[in-house]
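Student: Handing you this structure, nothing more for now.
The values are calculated or read from the model by the stated rules, or taken from the named source; none is laboratory data. Treat the numbers as computed from the prediction; the structure is a model and nothing was measured. The protein model used for the area step is the full one, side chains on, heavy atoms only, and it has no ligands, DNA or RNA in it. Shrake-Rupley method; radii C 1.70, N 1.55, O 1.52, S 1.80 Å.
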Amino acid sequence: MADLGRDIGEYIRQQRNTAKISLRQLAKLAGVSNPYLSQIERGLRKPSAEILQQIAKGLRISAEALYVEAGILEQREGGALADAIVTAPDLTERQKQVLLDVYESFRRENTAGQEE
């Protein structure tokens, strides 16, 4: 369990550094205290799904990505692109399914090509 907390903390720190946001700024954006966010990043605390959602919002990344890193959700077949399609608010369910089908057909085609 400690490894999961450390892994999610490291991932949050990497995302924060990539976004060029200070610990203090992210804490304010996420609505958590500086010390609490610092403890999460150092792997001393394991955040709840709700806190992860707030942190994701502050980082402007998908909450699902943090849930996967934290071990709350399993990585969906197709990875981040499939996740983006499934969570796209401006697509109908039918459009999402068509995009997923096309993407999966390309993946199968490429896998078959590598085996030859």
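Student: Over the chain, what is the mean sequence separation of C-alpha contacts under 8 Å (at least six apart), divided by residue count, expressed as relative contact order in percent?
Tutor: Working: 97 pairs, mean separation 27.0, N = 116.
After rounding, I find 23 percent.
Student: At a 1.4 Å probe, what is the % contribution of carbon and sulfur to the accessible area of the chain?
Tutor: Of all accessible area on the chain, carbon and sulfur atoms account for 50 percent.
Student: Oh, and also: Take the Cα radius of gyration of the chain and divide it by 2.2 N^0.38 Å, with N its residue count; two decimals is plenty.
Tutor: 1.27
Student: Given a 1.4 angstrom probe, what's the average accessible area per residue across the chain, in square angstrom?
Tutor: Accessible area per residue, the chain: 67 Å².
Student: Here's another thing I want to ask about it. Which residue, Gly79, Gly71, Gly43, tops the fluctuation ranking in a GNM of the chain built on C-alpha contacts under 10 Å?
Tutor: Answer for the Gaussian network model of the chain: Gly79.
Student: Then there's this: Output wanted: per-residue J couplings in Hz (rounded whole) for the stretch 13-20, from phi through Karplus 6.51 cos²θ - 1.76 cosθ + 1.60, θ = phi - 60°, x for Gly and Pro.
Tutor: Values, residue by residue: 4, 4, 5, 5, 5, 4, 7, 6 Hz.
Student: Here's something else I'd like to know. Just give me a number: lysine pairs in the chain, eight or more positions apart or cross-chain, with C-alpha atoms less than 22 Å apart.
Tutor: So the count works out to 5.
Student: Still on this structure: Tell me, in nm to one decimal, what length is gained between Lys28 and Lys57 on full extension, where the rule is 0.36 nm per residue of separation less the Cα-Cα distance?
Tutor: The span from Lys28 to Lys57 would gain 9.3 nm if fully extended.
Student: Pick from Leu99, Leu59, Leu26: which residue has the top mean-square fluctuation in a GNM of the chain where Cα pairs under 10 Å get a spring?
Tutor: Leu99
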